[in-house]
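Novice: Pasting in a structure now, in structure tokens, and then I'll have a few things to ask.
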Amino acid sequence: MTESLNDSRVDERPATADTAAGRVFTPSAAPAAAVIGALTGVALLVLCAIAVRDLVVQAGWLDSDEWLLGAADWVADISWHEWMWPAAIAALIVGLAMLWAAVKPRRHTHIRMADHEVIWTRRVDVARRISAAVSDLSGVDHATTVVKRRKVTCRVIGRESVIDRARVQQTVESVIDNVAISPRAVVRIASSHGGRTKGDRAK
């Protein structure tokens, strides 16, 4: 009896649901603060190396001046100069840029497949699929596609007298329907002999 109940619970689970207990996030690019954080870490390592050197100098193992002490004395003795205004403004801008990098949302690198919670694909792969599907249509010699956030542009080269524009539009939209985005589909047809027509249709 227990086994049958467990089987029924497993069957009730959505087919497209994730098997993990936690939330699954959309694949994203590295955060903007990653590069700044890495450079800051390198700078701190250099500062630590200088501090170790000064400790060696203070212990008498190296006959030289202490760099950190000299820098501190220079800062203490320095007075205000006109060139410090641009430096202060530049430091403020850099600080604001670093703050923005810390809170900036990461760019999503993939888009979710329709009716699937944990399956993603890249925009370039969607573009390749559209181009391949359109290239199989009658009269089409070549097709290139660009998939952006709000618009999908498919450029078709072939025999205009043979190409069915409605069929091309339908093919593009059928591929778009497989992903969880709703961009505007634009089809541009150019003749193999140099002629060109334009057309678009809002998705």
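Novice: Between ILE93 and ASP136, what is the label-point separation in nm under the 7 Å Cα-to-beta-carbon projection?
Specialist: Placing both labels 7 Å beyond Cα along the Cβ direction yields 5.3 nm.
Novice: Now, a different point. Hey, any idea what Rg/Rh is for the range 126-194, computing Rh the Kirkwood way over Cα pairs?
Specialist: Value, to two decimals: 0.96.
Novice: Ignoring ligands, DNA and RNA, how do ARG165, ARG23 rank by accessible area with a 1.4 Å probe, largest first?
Specialist: ARG23, ARG165
Novice: Let me ask something else about it. If I stretch the segment between GLU117 and VAL103 completely, what's the gain in nm (0.36 nm per residue apart, minus their alpha carbon distance), one decimal?
Specialist: The GLU117-VAL103 span can extend by a further 2.4 nm.
Novice: Here's something else I'd like to know. Hey, if we sort ILE157, ILE189 by accessible area with the 1.4 Å probe, largest down, what's the order?
Specialist: Reading off the accessible areas and sorting them downward yields ILE157, ILE189.
Novice: Further, regarding this structure: What length, rounded to one decimal in nm, is gained on full extension from ALA34 through to GLN58, with 0.36 nm per residue of separation minus their alpha-carbon distance?
Specialist: Length gained between ALA34 and GLN58: 5.0 nm.
Novice: Still on this structure, I have one more. Name the residues whose placed amide hydrogens come within less than 5 Å of the amide hydrogen of LYS151, ignoring near sequence neighbours (fewer than 5 apart) on the same chain.
Specialist: Amide H neighbours of LYS151, under 5 Å, 5+ apart: ARG184.
Novice: How much length would be gained if the chain were fully extended between ASP125 and TRP67, taking 0.36 nm per residue of separation minus their Cα-Cα distance, in nm to one decimal?
Specialist: 15.4 nm
Novice: At 1.4 Å probe size, put TRP120, TRP80, TRP61 in order of accessible surface, largest to smallest.
Specialist: Correct descending sequence by accessible area is TRP61, TRP80, TRP120.
Novice: Whole-Hz Karplus ³J(HN,Hα) for the range 178-190, in order, using 6.51 cos²θ - 1.76 cosθ + 1.60 and θ = phi - 60°, x for Gly and Pro?
Specialist: Residue by residue, the range 178-190 yields 7, 10, 8, 9, 10, x, 7, 8, 10, 10, 10, 10, 10 Hz.
The values are calculated or read from the model by the stated rules, or taken from the named source; none is laboratory data. Here the structure is a predicted model, which means the values were calculated and not measured. Don't worry about glycine lacking a Cβ; one is built from the backbone with ideal geometry, like all the others, and counts go over all protein chains shown. Remember, those area values only see protein heavy atoms, side chains included, never the ligands or the DNA or RNA. Shrake-Rupley method; radii C 1.70, N 1.55, O 1.52, S 1.80 Å.
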